[in-house]
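Contents: one structure, followed by commentary.
The values are calculated or read from the model by the stated rules, or taken from the named source; none is laboratory data. Just so you know, these numbers come straight off a predicted model, no measurement behind them. Cβ: placed from backbone, ideal geometry, glycine included. Neighbour counts: every protein chain shown. The protein model used for the area step is the full one, side chains on, heavy atoms only, and it has no ligands, DNA or RNA in it. Shrake-Rupley method; radii C 1.70, N 1.55, O 1.52, S 1.80 Å.
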Amino acid sequence: MRKVLCMNYGWKYSPTYAEEMTKTDFDDSAWEKVTLPHTNIELPFNYFDDKLFQFVSCYRTSFFLRPQYAGKKVAFLFEGVMTYGKLYVNGQFVSEKKCGYTDWLADVTDFLHVGVNSIAVMVDSTERPDIPPFGGVIDYLTYGGIYRDVSAIITDKESIEDIVCTTQNVFPDADLKVQVCVSESAIGGKLTVMVRKDGKILAQKTAVAKQRETDIQFQHLKVALWDVEAPNLYEICVRLKGHDVRRFRYGFRTAKFTTEGFFLNGKRLQLCGLNRHQAFPYVGYAMPKNAQVKDADILKKELCLNLVRTSHYPQSRYFLDRCDEIGLLVFEEIPGWQHIGDEKWKALAVQNVKDMIVRDRNRPSVILWGVRINESDDDHDFYTVTNRVAHETDPTRQTAGVRWKGCSECLEDVFAINDFMTVDDPLPIRDTRFMTGLDHDIPYLVTEYMGHMFPTKIYDNEERLVRHAVRHAEVQNSLCSDPRKSGGIGWCAFDYNTHRHFGTNDKICYHGVMDMFRTPKYAACFYASQGDEKIVLEPATIWGFGERSIGGVVPLPIFTNCDKVVFCVEGREPLEFFPDSEHFPYLKHPPVVIREMPDVWGDSWRPVRFVGYKDGKVVAEKRYTPSPFASRLELVPDDSEIFTNDVTRVVVRAVDQVGNVMKFFQEPIFIRVRGAKRIGPEIVSLQGGVYAFWIRSQRRGKAVIEVGCNSLQTETVTVAIKGKEQKKNL
């Protein structure tokens, strides 16, 4: 039967490479011991040479193949090697991979022997112009190393090679087609396909694999549909009798972009999303499962989004697994940024289309394939091929191509465009027909807005951060006003490191509604306020009289999903304020905007309370003091326990006597970690009164985290670490 073995442990790493390093008898005893995922170099937070990670390195390991696996088929699956990899087994070249974002499945059966085997991987992390997205300049870093998981897959020669599930109908019941592809030697074998829920078999069918591909049909399945509010998942189990079993999760749903918007399971859904880069401070792409899962949770549960675009490449399976689990829709696209290369380059891009779709076509969360190089010019022949390959590989989903120019040729099913307007333009989003250049409507999706039009740092002055947040609200209000627009995906979720050609010259693009550590700016509070799962009451102010130009805090937006906000100034009568439906008539929860306050010029600046009401009841309260002082460091880990070889984030906030973050408290803090590895430096400065860092577990036990500074008491938290270090002997 199929066996999948984790191969993340026991590697050795050299930041240099020579051909002799791939030989079996090469002495690697002096090399650094590493665990995957691994970055080829840890970078500074900012102000670094953006070529630091662009070099060729080598990874080596060995494993013991047990006698019982002799004669079996063995393949190594590398989920992410940036950018170009060459695999050697026992000194022999096996295969290569020219893409850092899609799976590299290498059949090593004929290169192995019983006993100890030597594995070497050459990793070229230079920006090779023959491999997408390279050849021009790109607005993000690609980092380097074996930055995702590696596993060994052992099967009989008679095995299941691929499974494709297609929901053909969901009303009144679901019809399902399961296409099973088996190896040549498995033809004639008996296949059993089961649909399960919570361990119970809902439907089961058997068939003989008379050829390599066999279709098995299920009709009138009574299933609960997968939806953004109720992401119901089922297990599909396929068994090749006596030889192989494969299982995966599946959701039944329909998804369609039309001229009247996007429809999920026949109901119109206004799409509201953000773009996500999979990058993190210091280690770039090399973050294990928990960080990927947490990003999906932030987007869906904290920011209350229903869509994410994987800009500008396929992302971690852990991130997509979580999107399936929590009901976060995904627009997934191939690697690229504006530049189109030569014919060989294009052939790799076409292969990226196929590899991306084959990996993720059974996911209910994925609703749209991006088959055009982001913001590239028209190329009729090239994009005719990418669309054809996408539809041949997955006939069930629509395609889109993200462009920045209006009136460009649309070969895809959905016209997707980045619509960047300045914050001073009275028109937040342009008309659909103006952008398409057509005299009729076609399916339409805005894939970027804001971003470089108005970058913000988490420690910027209040006026700038407020304007940033309000503009996000204005854009979403405009998108909701036009049913022809399926919705919009803002640029972007998180600040990110970038090349010297873009962003601030410190190698960061400050385009996010959160910073690189996933700490919210005011714009994040706007998105959070559009949800209903939790009460949101976030006045966009630090309550400082002299922070804004001229003085005061008006206009003051309060991002909230409350029905009413009562503003209480010490010594004055309370004032009631309601959602601003006049200026934001199409938002689900318009912000409350206070435009006038009692005259306080020359008066003392007083303590205040903002009290939120819902259905006539007090549901939230925020207090501000006019004279804050440093009270304590608040230390909050994302998780109380994690598994070995995983991470959790710890957020540090300097708060005042009423619990508010003190934005201009920027003292250095020290971070001490025992029982785990700290990612990043030991001594850092707070940014906007906040800092966050990740710890990575290495062995079971307990991680003890201490954070302190000169003026405040040291705080301590612990995180339990479960599991044990895995081995890779077969």
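Between His220 and Glu96, how high is the FRET efficiency from 1/(1 + (r/R0)^6) when r is the Cβ-Cβ distance and R₀ = 35 Å? Nearest 0.05.
Computed FRET efficiency for His220 and Glu96: 0.15.
Can you give the accessible area per residue of the chain, in Å², using a 1.4 Å probe? Can you show the working numbers first?
Details: 28800 Å² over 730 residues.
Normalised by residue count, the accessible surface of the chain is 39 Å².
Would you compute, from DSSP H runs of 4+ residues alone, the mean residue ellipticity of the chain at 222 nm, taking -39500 (n - 2.57) per run and dividing by the full residue count, rounded to the nearest 500?
-3500 deg cm²/dmol, from helical runs alone.
Per residue, what volume in Å³ does the convex hull of the Cα atoms of the stretch 326-392 enclose?
About 84 Å³ per residue, rounded to a whole number.
May I have the count of lysine pairs in the stretch 397-536 with C-alpha atoms under 26 Å apart, counting pairs 8 or more residues apart or located on different chains?
Number of lysine pairs found: 5.
Exceeding 32 Å between C-alpha atoms, which entries from my cross-link table qualify? They are Lys301/Lys677; Lys256/Lys588; Lys210/Lys256; Lys267/Lys663. Before the final figure, lay out the partial values.
Working: Lys301/Lys677 28 Å; Lys256/Lys588 23 Å; Lys210/Lys256 34 Å; Lys267/Lys663 43 Å.
Result: Lys210/Lys256; Lys267/Lys663 exceed 32 Å.
Projecting each Cα onto the charge dipole of the chain (Lys/Arg +1, Asp/Glu -1 at the beta carbon, about the Cα centre), which of Val717, Phe610, Ser481 comes out farthest on the positive side?
My answer, from the dipole projection, is Val717.
Give me the orientation-averaged projected area of the Cα convex hull of the stretch 36-122, in nm², one decimal.
Taking the Cα atoms of the stretch 36-122, their convex hull projects to 6.3 nm² on average.
Hey, what's the Cα Rg ratio for the stretch 180-303 versus the globular rule of thumb, 2.2 N^0.38 Å?
1.42
Glu621 to Asp424: extension gain in nm, 0.36 nm per residue of separation minus the Cα-Cα distance?
Fully extending the segment from Glu621 to Asp424 adds 67.6 nm.
Provide the descending list of Cα extents for the stretch 355-450 along its principal axes, expressed in whole angstroms.
Principal axes ranked by extent give 44, 28, 23 Å for the Cα atoms.
For q values of 0.18, 0.21 Å⁻¹, compute log₁₀ I(q)/I(0) with the Debye formula on a Cα-only model of the stretch 504-635, without solvent.
-1.13, -1.36
Under unit Cβ charges (Lys, Arg +1; Asp, Glu -1), what dipole magnitude, rounded to 20 debye, does the stretch 13-120 have relative to its Cα centre?
Around 380 debye, computed over the stretch 13-120.
Note down the magnitude of the dipole of the stretch 461-572 about its Cα centre, charges +1 on Lys and Arg C-beta and -1 on Asp and Glu C-beta and zero elsewhere, to the nearest 20 debye.
On the way: 13 positive and 13 negative charges, 60 e Å.
So the dipole magnitude of the stretch 461-572 works out to roughly 280 debye.
Using only the heavy atoms of the protein chains and a 1.4 Å probe, how would Asp355, Asp215 rank by accessible area, largest first?
Accessible-area ranking of Asp355, Asp215, largest first: Asp215, Asp355.
Average projected area of the Cα convex hull of the stretch 85-157, in nm²?
The number I arrive at for the stretch 85-157 is 6.0 nm².
How big, on average over all directions, is the shadow cast by the Cα convex hull of the stretch 292-354, in nm²? Spell out each step's value before the answer.
Numbers: hull surface 18.5 nm².
Mean shadow area of the hull around the Cα atoms is 4.6 nm².
Of all DSSP beta bridges in the chain, what percent run antiparallel (nearest 5)?
In the chain, approximately 80 percent of DSSP beta bridges are antiparallel ones.
When N counts the residues of the stretch 44-84, how does its alpha-carbon radius of gyration compare numerically with 2.2 N^0.38 Å, as a ratio?
Working: Rg = 17.8 Å, N = 41, 2.2 N^0.38 = 9.0 Å.
Here the Cα radius of gyration is 1.98 times the empirical estimate.
Please compare each pair in Lys98/Lys354; Lys72/Lys177; Lys51/Lys344 to a cut-off of 23 Å on the Cα-Cα distance and tell me which ones are over it.
Lys72/Lys177; Lys51/Lys344
Kindly work out what percent of the DSSP beta bridges joining two residues of the stretch 602-730 are antiparallel, to the nearest 5.
Bridges in the stretch 602-730 that DSSP calls antiparallel: roughly 95 percent.
On the accessible surface of the chain, probed at 1.4 Å, how many percent belong to carbon and sulfur atoms?
With neighbouring chains kept in place, the figure for the chain is 49 percent.
In vacuo Debye scattering of the chain, one point per C-alpha: log10 I(q)/I(0) at q = 0.05, 0.12 Å⁻¹?
Log-scaled intensity ratios, in q order: -0.26, -1.50.
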